[in-house]
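Below is one structure; the comments refer to it alone.
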Amino acid sequence: MTATVSLERASLRYGDILGLSPTTFELPAGGGITGLLGPNGAGKSTLIQLLSGLLPPSGGDVKVFGEAPFRNPAVLARIGLVPEGDRFPVGLRGHAWLRMMGELSGLTGARLDQAMASALAAVGMEVNGKKLFSEMSKGMRQRMRLSQALLHDPDLLILDEPFNGMDPESRLQLMDLLRQQAASGRRILVSSHILGEVAQLTDRILLLFRGRLLAEGSVAEIRELLDRHPVELRIGAESAQAVARWAVEHDELVALRMEEAGAVLAVRNPRSFLPKLQAAVLSGELPLRSLDPIDLNLDAVFQFLTKDHA
Amino acid sequence: MTTLPTLPTPARTVAALVRGYFPRLLQVRGWVCTLLIVLPVALSLGLAALMHFKQPNFNWGTQETLIVFHKVLAQLALPILVLVAAPAGIREDMEQRTLPLVLSRPVPTWILPFGKGLLWFGWGAAWIIVAVGGLAGLGADFASLPLMAAALVTAFWAELAFMTFLGLVFKRGTLWGALYLLIWDPLVRIFPGNLQRFTFIHYIESIAGSRGGAVETSQLLAQQQITTPWPLAILVLFLFGVLCWAASGWKLQRTPIGLAGAEAEG
């Protein structure tokens, strides 16, 4: 069975800048959700543009449903793209624009009406979809973007940072919707720079960093990789010595730096270390005044992983 | 999985774009286009009425009407109309970065510049016909009106297509278009021989009737005016427009346009 997506040393250059290093991977046929994880500038949008046929690869092969997607209507008819960014044609109403997008996907007549009703209902925009884009909230516009991607019932749904700007309730609704879509047999690729978001949706993750596919695996495998990254925690306490005495007793400690009002601890496996810290504070063993994670962002983690893989 | 819809044909793509973007005509840019072409004639009519009211014997003659047509409509209003309408075509989608949403649909990409341009061509052409109709009120010869309308409509077709092409080839396509339409074109009077054929004004004058009589002897650089038979002139403008729409489609088809709106090396 042909893989839904197949990249064979596919790369993309923007002039002198390498947007994506030669990358090889496959997304299997059939339904399911794959997370595309990486910090900003990792190459997620570049990869998405290759897959959705907006850009051709500078080198290698990109195949979607067994064919090159760039300017290929037969492939594009089976892809639904939700791009990042809050961009819509000015002066148009949501439902009129959606009708046009449906017609541009080859839908007509009753089938188009039905598809529009179904797509608007799926994202909860039956009423607000008639507004001008300028009158919609950012969340509503994001839902409209999603509705146009669902309109033609695509086999592959590609979403670029779909949770950006969404309130928690909308996020949960979108996650539910994506799970339903995956269960109905669609292959879904969701990009995000937040592991927690992706982990709630899928067990299969592609890790990108600086235009390179760094790792591919399950959430557990990726978490294991991330746990090897020493996280720096600044602990404010009345006695820095007390913090140091407590910290050196734990295997997770990698480095210790004393400061005037506390200490900075570099620890591995924060998921096992932090509960211990919590217990020590609660028992009064550790006179903690403040806790400040210094580099718990993905960028730091990815830089660590890059060094680790070098 | 469900059965796939039939892929949209070029004609269906054009129809969808025209229907989808139609509301844009009824917004500021659309009405600016209307005013640009209708207002000069309306003002002339108002002026003529005022003069007639003050001096009952006053009547605008054919010569004055020709000046309004050639000097105001053809040389000034039409180029500005093109400069306002053309950026609302495919260029607008590129600048607003909404084009990738359309490019991600299974449409024939090459038809997109024409599809968006046709909407503005139809709008502009309709108002051109209204404006030329208004010239009758100024005393224009009724028999000359169809050719005057044909001259401006076919020139609008060709100039709009030309500007669309420039907009796809150059980042500052409007600037190059403005230079061509407002600087190069009016120089037709001093262009020798066949060089005149590389201006739109030459064809407009060939179709609508020469304004040669208005060239004064004091214009020392003025060259002898050449003409093209009007059916041929209409054909040239039409074919030039078709060529420019085709070139625009070819350019868009070949140009990778990503989400950032920038071109990438393919």
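The table below gives the values:
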quantity: Per-residue mean of C-beta atoms belonging to partner chains within 10 Å, peptide B:16-23; calculated: 6
quantity: Average Cα contact separation per residue, the range B:31-127, under 8 Å, 6 or more apart, as relative contact order %; calculated: 38
quantity: Between the range B:58-94 and the range B:100-150, the Cα center-to-center distance that results, in Å; calculated: 12
quantity: Rounded to 5, the percent of DSSP beta bridges in the protein assembly as shown classed as antiparallel; calculated: 65
quantity: Near-label residues of the range A:162-187 by backbone N, under 13 Å of a point 7 Å along Cα→Cβ of A:Gln200; calculated: A:162-179
quantity: Whole-Å semi-axes of the range B:41-168's equivalent ellipsoid (Cα gyration tensor); calculated: 38, 13, 11
quantity: Nonlocal amide H pairs with A:Thr23, under 5 Å, H built at 1.01 Å; calculated: A:Arg9, A:Ala10, A:Ser11
quantity: Spin-label pair B:Gln224/B:Asp141, simplified geometry with 7 Å Cα→Cβ offset, distance in nm; calculated: 2.4
quantity: A/B buried area, accessible surface, summed, 1.4 Å probe, Å²; calculated: 3900
quantity: Net charge of Cβ neighbours under 13 Å - reference A:Met258; Lys, Arg +1; Asp, Glu -1; calculated: +1
quantity: Descending principal axes extents, the protein assembly as shown, alpha-carbon based, whole Å; calculated: 109, 58, 45
quantity: The range B:10-255: projected area of the alpha-carbon convex hull, averaged over directions, in nm²; calculated: 14.5
quantity: Table column - 3J(HN,Hα) (Hz), the range B:187-204, Karplus curve with 6.51, -1.76, 1.60, x for Gly and Pro; calculated: 6, 3, 5, 9, 7, x, x, 5, 4, 4, 5, 8, 10, 6, 4, 4, 6, 4
quantity: Restricting the range B:1-85 to chymotrypsin sites (Phe, Trp or Tyr not before Pro) in coil, as DSSP defines it, with at most 14 other Cβ within 10 Å; calculated: B:Phe58
quantity: Built amide H within the under 5 Å cut-off of A:Leu214, gap 5+; calculated: A:Leu207, A:Leu208, A:Phe209
quantity: Projected label distance in nm at A:Glu285 and B:Lys171, using a 7 Å step from Cα toward the beta-carbon; calculated: 6.1
quantity: Rg in Å to one decimal, and Dmax rounded to a whole Å, for the range A:39-164 via C-alpha atoms; calculated: 15.0, 46
quantity: Hz values of 3J(HN,Hα) by residue in the range A:75-80 - Karplus curve (6.51, -1.76, 1.60), Gly and Pro given as x; calculated: 7, 4, 5, 9, 10, x
quantity: Once the Cα gyration tensor of chain A is diagonalised, semi-axes √(5λ) in Å; calculated: 43, 24, 16
quantity: Whole-Å distance, taken between Cα centres, linking the range A:239-255 and the range A:263-281; calculated: 9
quantity: Computed label-point distance, nm, for sites B:Arg197 and A:Ser218 using a 7 Å Cα→Cβ extension; calculated: 7.6
quantity: Per-residue mean of C-beta atoms belonging to partner chains within 10 Å, peptide B:90-98; calculated: 2
quantity: FRET efficiency, 1/(1 + (r/R0)^6) with R0 22 Å, evaluated for B:Leu43 and B:Ala126 via beta carbons; calculated: 0.65
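The values are calculated or read from the model by the stated rules, or taken from the named source; none is laboratory data. Just so it is clear, the model here is predicted, and its values are computed rather than measured. Every residue, glycine as well, gets a Cβ built from its backbone with ideal geometry; the counts of neighbours run over all protein chains shown. Protein only, heavy atoms only, side chains kept; ligands, DNA and RNA dropped before computing areas. Shrake-Rupley method; radii C 1.70, N 1.55, O 1.52, S 1.80 Å.
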